[in-house]
Amino acid sequence: MDKILQDLVDQAHEAAGLRRNGVHEAHDLVSTELLAELEADGDAMRFVDAKGKIRWRATPDLRQYLKDLKLDARDDLKDL
């Protein structure tokens, strides 16, 4: 899983834990659910690496969206 998707999964796992009153979902379950949603939305894609293992990565559209958000945030900070 690339860094972008790993960060999203980690955030989702943390948020799931905060909502559950001490009952925590397994990290693998959160990962699986989130990756399925991201793939269905066109934000993640599976691929086979050089060793024949299935891996995940963010789509170019998601990468561009996150890059745009980062640039907008920087511009907003400059305006303060």
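The values are calculated or read from the model by the stated rules, or taken from the named source; none is laboratory data. None of the values given here were measured: they were computed from a predicted structure. A quick note on method: Cβ atoms are made from the backbone with ideal geometry, for glycine too, and the neighbour counts reach across all protein chains shown.
Data for the structure
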read-out: Residue within region 51-65 that is of a type outside the set (Val, Ile, Thr), over 25 Å from residue 15 (Cα atoms) and part of a strand (DSSP E or B) present; value: no
read-out: Options 72, 49, 43, 61; residue that is in contact with a helix residue (DSSP H, G or I) (Cβ under 8 Å, 6 or more places away or on another chain) and modelled with pLDDT of 90 or more; value: 43
read-out: Every pair of residues 6+ apart whose Cβ atoms lie under 7 Å, when the first sits in region 37-66 and is touching a residue at least 40 places away in the same chain (Cβ under 8 Å) while the second is of a type in the set (Phe, Trp, Tyr); value: 55/47; 57/47
